[in-house]
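Colleague: Can you read through this structure? Questions will come right after.
The values are calculated or read from the model by the stated rules, or taken from the named source; none is laboratory data. Keep in mind it's a predicted model, so treat the numbers as computed, not measured. Neighbour counts run over all protein chains shown; Cβ positions are idealised from the backbone, glycine included. Surface areas here come from the heavy atoms of the whole protein model, side chains and all, with no ligands, DNA or RNA. Shrake-Rupley method; radii C 1.70, N 1.55, O 1.52, S 1.80 Å.
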Amino acid sequence: MRKIDRLKNIQRANILAEKRYLNHKNGKGLLIEDDSIPKSLVTEASIDELINQYVDSGKLTQQTFNKIVDASNQKSAYATWLVKKVADKIIKDEDVYKFKEYFPIFDKNKKLYPNADLNQYKTSADVQTFISKTQEIRDKETEITGGDVTTSDGKNLATPNEVRKLESVGIEFLGMQDGYQIFKVPQSLKGNKEGWRVYKEILGRCAGRGTGAKIDICTMASDEYFDQYLEDGPYYVIFNLNDPQSPYQFHYELSQFMDKNNNSVI
């Protein structure tokens, strides 16, 4: 591209960015209508705009913003929506990574959602509806392709060797209750990366994982969140792969009892 052409494109991109900023202020969203502008310039302009509005203003940290951009797969429309929801504390910083999986599911199944326009999910209740529908679609897709739920007694539990491996890093096996294994993750494991790795490897399993099922419990996604939760107290994992909502995580100090999709069961 000749230098003069590039300068023209940059100028046009800046003009478009200004229009999109004004549209955003007036509640009209950020719409890209000029397909003649190189997408790399448009994306760069929109990301810079979001940095100005949310990072430079102190509403979000650069680290959180980077997580949002990554979760949005570089799509400015998704980044704009997610940035606002995190800044407004409708979506927790620790849950941002989940949308890297949620957005592609939404892209492919918009007709199945209550509203195909992401910008219409505004309130906390709206966002929870979006998340629940996404998880429902994901789990249904897993069921259609054939989950690997094992119904034979004992095969859906951590094996004796796995229990010993968990205990070797400090995760306690507390016994069985109504067919479920109960494990305690003590506060002493805070900062123990090997402990987190073993925890994720063994207890971070779920029915249908081999065919696409996922776990949304944040302590199993990142050692950062594993450590953050342990600051407040130990937590407990309730495990049986015959239950499609297993594993469950209970944290007394935070009054949380969550299933594998990070939905409250109390």
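Colleague: Cβ-Cβ distance below 8 Å, separation of 6 or more or different chains: which pairs start in the stretch 105-129 with a residue that is under 17 Å from Thr80 (Cβ atoms) and at pLDDT 95 or above and end on one that is open to solvent by 70 Å² or more (accessible area, probe 1.4 Å) and not aromatic (Phe, Trp, Tyr)?
Modeller: Close Cβ pairs satisfying both conditions: Asp126/Gln120.
Colleague: Kindly indicate the residue of the stretch 130-158 that is under 23 Å from Asn262 (Cα atoms) and assigned to a loop (DSSP other than H, G, I, E, B) and also modelled with the lowest pLDDT among those meeting that condition.
Modeller: Of everything passing the filter in the stretch 130-158, Val149 is modelled with the lowest pLDDT.
Colleague: Please work out if Val237 is crowded, with 21+ Cβ neighbours inside 10 Å and of a type in the set (Val, Ile, Thr). Give the steps one after another, and end with the answer.
Modeller: On the way: crowded, with 21+ Cβ neighbours inside 10 Å: yes; of a type in the set (Val, Ile, Thr): yes.
Considered against the rule, which asks whether it is crowded, with 21+ Cβ neighbours inside 10 Å and of a type in the set (Val, Ile, Thr), Val237 comes out as yes.
Colleague: Let me ask you something else. Identify, by number, the condition in (1) surrounded by 15 or more Cβ atoms within 10 Å (Cβ to Cβ); (2) under 22 Å from Tyr229 (Cβ atoms) that Thr61 doesn't meet.
Modeller: It is condition (1) that Thr61 fails.
Colleague: Only one of (1) surrounded by fewer than 16 Cβ atoms within 10 Å (Cβ to Cβ); (2) within 23 Å of Val96 (Cα to Cα); (3) over 17 Å from the mean Cα position of the chain (by Cα) fails for Ser222. Which number is that?
Modeller: (3)
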